[in-house]
Amino acid sequence: MSSTTAAWVNPLRDRRDKRMPHIAGPCAVVIFGVTGDLARKKLMPAIYDLANRGLLPPQFALVGFARREWADEHFSDVVREAVEQHARTPFRQEVWDRLSEGIRFVHGDFDDESAFERLAERLRNLDEERGTGGNHAFYLSIPPAAFPVVCEQLSKSGLARNHDGCWNRVVIEKPFGHDLTSAESLNEVVNSVFPESSVFRIDHYLGKETVQNLLALRFANEMFEPIWNAHYVDHVQITMAEDIGLGGRAGYYDGIGAARDVIQNHLLQLLALTAMEEPVNFSPAELQAEKIKVLSATRLVEPLDQTTSRGQYTAGWQGSEKVMGLLDEEGFSTTSTTETFAAITLDVDTRRWAGVPFYLRTGKRLGRRVTEIALVFKRPPHLPFDATMTEELGKNALVIRVQPDEGITLRFGSKVPGNQMEVRDVNMDFSYGAAFAEESPEAYERLILDVLLGEPSLFPVNAEVELSWKILDPALENWAANGHPDPYVSGGWGPESAFEMLRRDGREWRRP
Ligand code: BG6
């Protein structure tokens, strides 16, 4: 393939063969928390999709661990139902038959040592029967409060040790702590059992195609880099908006809130990829070094009362559906101060970004589901037109549309046809759907495969997690000391305080 026609390959993923997808080696995946939503909607379907794409070896096994007294066959039925409902690729009987031969279930409590002995024994049997080779990935899809006990049990039962060329890895879901101090102690517990090289922390945004394309856009092209800095960029807006509410999620969400749920991880990772310097290569260590550098330089802009905003949705309309406010949602305390919307202003203190605010916002029950990163450019220093000719001209913008409708939009001024010189904003669009025939894999497919391949590029290391808490903690403390979040009507774009936050800076949020 000549360099001019070379298809883009994921620079993060593949440092050896540039075209062939890697197939995982013999191994077993053990999921703790198989009865949860994440396992049912994302993890089990992703494992099937990998099998369907031929990316799992015949020597593969899936083991569920939970309190229920299920037989292997019953668990297999549960997996099948999850696959039929949520898998991305079509159901194929022969793929399912092969996968289901390696499905096992172990019941027990996390504090029951004998349950972990049973687990160890079943894994040994699988090594013999299926040839899983002593390689195990332990997926902790469980509340963080249970991490210490599960890690300790894995350690006691000898399952955390890497030996004789076999690997044992642990996969951890967020929330990873609820502030810097708790994250540090969690990291300590996990690292006392698993070396950092065996810990894979999931931030599923890093598995999204469009997020990885950010690196291709920045570092595989020449035309963006010269303007990717404070000389040209006025500010950056990173938005992750959802239209869904929190019905059914109180157990996880009440007391956590939007900032811990989304800003601490997904949005700060997006900021890091947008603002970091070019790594010397795409080895995990180099990439992490650049992310760590930029996160170390990032801090909240003060005064926090004016540069941050938090809100809680009230009843309203989501399209044609009437929806309730958070305080009426099942499971939430009627006096809950949990925020469902959060916005913050950050400075990145580097030569590249000094003086360019990064505005981050996220919320539930907003106008529509959209995640985007928008670089909004400065106005030209001089416009050789009458003011009336450019009345409709806004600031240029480069928008990375993370989801849905994945792609990139470039907004710039163009002459309106006619005798007058009138300039108005137009959009130039790149759309994944139109440009590529292949469908993107789900983030979880990519990330689970990377765990099995031992490829850590897309997983934040503990330093990144801790730095992200360090950035966010002052806002959380300020909000905790200041009563109730501001109300906003469901179906809108957040509380008035969020609009005011940008207005004060002479800017406004984009309406995606
Ligand atoms: C999760 C959050 O990490 O991301 C959820 O905990 C949120 O609250 C979800 O709904 C959104 O993921 P996606 O991939 O649909 O944007």
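Within this structure, residue 235 fails the test of being within 16 Å of the ligand (Cβ to nearest atom) and either touching a residue at least 12 places away in the same chain (Cβ under 8 Å) or among the charged types (D, E, K, R) (or both).
Quick check on the stretch 204-212. Is at least one of its residues part of a loop (DSSP other than H, G, I, E, B), touching a residue at least 12 places away in the same chain (Cβ under 8 Å), within 16 Å of the ligand (Cβ to nearest atom) and of a type outside the set (A, V, I, L, M, F, W, C)? Among the residues of the stretch 204-212, at least one is part of a loop (DSSP other than H, G, I, E, B), touching a residue at least 12 places away in the same chain (Cβ under 8 Å), within 16 Å of the ligand (Cβ to nearest atom) and of a type outside the set (A, V, I, L, M, F, W, C), which makes the answer yes. Taking every residue in the stretch 28-43 that is closer than 16 Å to residue 72 by Cα and pairing it with any residue that is among the acidic types (Asp, Glu) and in a loop (DSSP other than H, G, I, E, B), at least 6 positions away or on another chain, the pairs with Cβ-Cβ distances below 9 Å are 33/173.
Within the stretch 439-456, residues that are away from the ligand (no atom under 16 Å from the Cβ) have Cβ atoms under 9 Å from residues that are acidic (Asp, Glu) in these pairs: 449/455; 455/14; 456/450, counting only partners at least 6 apart in sequence or on another chain. Checking the conditions here, which among 264, 288 is within 16 Å of the ligand (Cβ to nearest atom), of a type outside the set (Asp, Glu), open to solvent by less than 50 Å² (accessible area, probe 1.4 Å) and in contact (Cβ under 8 Å) with a residue 24 or more places away in the chain? Going through 264, 288 in turn, the sole match is 264.
Considering every residue within the stretch 190-200, establish whether at least one is assigned to a helix (DSSP H, G or I), within 16 Å of the ligand (Cβ to nearest atom), in contact (Cβ under 8 Å) with a residue 40 or more places away in the chain and among the hydroxyl-bearing types (Ser, Thr, Tyr). No: zero hits. Residue by residue through the stretch 232-282, note down the ones that are assigned to a loop (DSSP other than H, G, I, E, B), within 13 Å of residue 362 (Cβ to Cβ) and of a type in the set (Asp, Glu). The answer is 242, 243.
Output the residue which, of all residues in the stretch 186-227 that are of a type in the set (Asp, Glu) and under 23 Å from residue 139 (Cα atoms), is least open to solvent (accessible area, probe 1.4 Å). Walk me through it before giving the result.
Just the residues of the stretch 186-227 that are of a type in the set (Asp, Glu), to begin with: 188, 196, 203, 209, 222, 225.
Among the residues that remain, those that are also under 23 Å from residue 139 (Cα atoms) are: 188, 196, 203, 209.
Numbers: 188: 135, 196: 55, 203: 6, 209: 40 Å².
It comes out as 203.
Right, residue 445: of a type in the set (D, E, K, R) and crowded, with 17+ Cβ neighbours inside 10 Å or not? In short, yes. The set of residues in the stretch 100-109 that are within 30 Å of the chain's Cα centre (by Cα) and open to solvent by less than 50 Å² (accessible area, probe 1.4 Å) comprises 100, 102, 103, 104, 105, 106.
Being part of a loop (DSSP other than H, G, I, E, B) and under 27 Å from residue 441 (Cβ atoms) narrows it down to one residue among 88, 98, 104; which is it?
Working: 98 fails: part of a loop (DSSP other than H, G, I, E, B); 104 fails: part of a loop (DSSP other than H, G, I, E, B).
Every option except 88 fails the conditions.
In the set (1) open to solvent by 20 Å² or more (accessible area, probe 1.4 Å); (2) within 16 Å of the ligand (Cβ to nearest atom); (3) within 19 Å of residue 176 (Cβ to Cβ), residue 242 fails one condition alone, (3).
Scan the stretch 348-399 for residues that are open to solvent by 20 Å² or more (accessible area, probe 1.4 Å), acidic (Asp, Glu) and touching a strand residue (DSSP E or B) at 6+ places or on another chain (Cβ under 8 Å) and the total you get is 2. Could you go through the stretch 308-315 and let me know if any residue there is away from the ligand (no atom under 16 Å from the Cβ), open to solvent by 20 Å² or more (accessible area, probe 1.4 Å) and in contact (Cβ under 8 Å) with a residue 24 or more places away in the chain. Looking for residues that are away from the ligand (no atom under 16 Å from the Cβ), open to solvent by 20 Å² or more (accessible area, probe 1.4 Å) and in contact (Cβ under 8 Å) with a residue 24 or more places away in the chain, one finds at least one in the stretch 308-315, hence yes. State all residues of the stretch 267-285 that are open to solvent by less than 30 Å² (accessible area, probe 1.4 Å), of a type in the set (A, V, I, L, M, F, W, C) and more than 12 Å from the ligand (Cβ to nearest atom); if no residue qualifies, say none. Across the stretch 267-285, the qualifying residues are 268, 271, 272, 273, 275, 276. Inside the stretch 358-403, can you point out the residues that are of a type in the set (Val, Ile, Thr) and away from the ligand (no atom under 16 Å from the Cβ)? Matches in the stretch 358-403: 376, 388, 390, 399. Please work out which residue is nearest to residue 243 (Cα to Cα), limiting yourself to the stretch 301-331 and to residues that are β-branched (Val, Ile, Thr) and in contact with a Ser or Thr (Cβ under 6 Å, 6 or more places away or on another chain). If we take residues in the stretch 301-331 being β-branched (Val, Ile, Thr) and in contact with a Ser or Thr (Cβ under 6 Å, 6 or more places away or on another chain), then 323 is nearest to residue 243 (Cα to Cα). Being farther than 19 Å from residue 26 by Cα and of a type outside the set (Phe, Trp, Tyr) is a condition met by no residue of the stretch 121-138. Among the conditions (1) out of contact with any Gly (no Cβ under 6 Å at 6 or more places or on another chain); (2) closer than 29 Å to residue 166 by Cα; (3) more than 16 Å from the ligand (Cβ to nearest atom), residue 179 misses just one, which is (2).
Of all residues in the stretch 175-185, which are open to solvent by less than 50 Å² (accessible area, probe 1.4 Å) and assigned to a helix (DSSP H, G or I)? I'd like the intermediate steps shown before the answer.
Restricting attention to the stretch 175-185, the residues satisfying the condition of being open to solvent by less than 50 Å² (accessible area, probe 1.4 Å) are 175-177, 179-180, 182-183.
Scanning the stretch 175-185 gives 180, 182, 183.
The values are calculated or read from the model by the stated rules, or taken from the named source; none is laboratory data. Values in this document were obtained by computation on a predicted structure and should not be read as measured data. We place every Cβ from the backbone using ideal geometry, glycine too, and count neighbours over all the protein chains shown. Side chains included, ligands, DNA and RNA excluded: accessible areas come from the protein's heavy atoms. Shrake-Rupley method; radii C 1.70, N 1.55, O 1.52, S 1.80 Å.
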